[in-house]
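Encoded as structure tokens, the structure appears first; notes follow it.
Any read-out appearing in this document is the output of simple, stated calculations on the displayed coordinates, not a laboratory observation. Worth saying up front: this structure is predicted, and the values here are computed from it rather than measured. Positions of Cβ are generated from backbone atoms using ideal geometry, with glycine treated the same way; all protein chains shown enter the neighbour counts.
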């Protein structure tokens, strides 16, 4: 009898200890200890994200929903580091191509992996625009244009972070007046929330003390077959857009909205990315594939504007947004120069992006939806990436 009680007591103590360890494991994501964080089949150490950059502390934050879906975000650039969702066989699969350490992101030749980009996502022609009768010259970092906010855009900022609960993270940042050439002191808040329906909700808020321009997005690189699975050309994609913005030789919109019907850009029906990617078509040749803004058909946040499906994993991603445009990028300029999570390199077309946004160069294109943000008027934008196995 005494032996049985001792065994029961030992088992109870072990159970309590395991529970405490699990709780500590979840709470310790921001500590300097080597806490192993599961990332599909890629191990990530929290300590690899503990660093001081420009005098500010950087950490890794983990969000979990009741279904076992996990998202990991670092406040360095507000980057989405991993997103682990079940595949058709219910196996956890990391669908975000990125790095397993802060050093990887800092040393990468690709500057935007998983990052929040701004103040102005995409391109502004010659880094110049007029607002209220004044000409503003921005930092030109993709000659002859400004790309994703300039040389030191939001991807290089260390954001203030507050984990509200196990499913929600809040990031804030102040971009000072004339930062990269943009007018106004801009206060920005971005929240990542992992929803119970396996959606990742990214909400953007901003307010400026002067009239300015704004275009915010997330530059996640997706591979729905898993981060080490290779090319994405057999992924199937559907985009609810009848038109796209044609571009010139510097990737600036010409102002012409071309209809997708009869062109390689037609993804009205679910189509493999690689089906027409190498066709002899001017816009394709300029971008070496798809890297264009789609003019989304009229929609609400309740309707998916795009769908992607991993051909091997069966994972389906649906994109919902309040934005009027979607930049679809097929990873054409990935060059195999960086060693990513899982030990693979970022070879061409091993990831794709679906960046919800306003149109490129809108400050210089009066016919495009306006990106002007008036002083004191709040900006808000919502995008949801939802994961499942049904189209």
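What to note about this one:
- Point-to-point label distance, residue 250-residue 297, nm (Cα→Cβ direction, 7 Å offset): 3.5
- Residue 281-residue 311 FRET efficiency (beta carbon distance; Förster radius 30 Å; 0.05 resolution): 0.80
- Computed log₁₀ I(q)/I(0) - Debye formula, equal Cα scatterers, no solvent, the stretch 32-208, q 0.19 Å⁻¹: -1.25
- Taking 0.36 nm per residue of separation and subtracting the Cα-Cα distance, full extension of the segment from residue 375 to residue 135 would add 84.6 nm.
- Efficiency of FRET between residue 67 and residue 209 - r from beta-carbon atoms, R0 41 angstrom, step 0.05: 0.45
- Options (i) 0.98; (ii) 1.05; (iii) 1.01 - which one matches Rg/Rh (Cα atoms, Kirkwood Rh) as calculated here: (iii)
- Spin-label model, residue 271 to residue 345: label points 7 Å out along the Cα-to-beta-carbon direction sit 3.1 nm apart.
- Tilt relative to the chain, helix 2-27 - C-alpha long axis, 0 to 90 degrees, to 10: 20
- The alpha carbons of the stretch 250-391 give a radius of gyration and a Dmax of 16.5, 48 Å, in that order.
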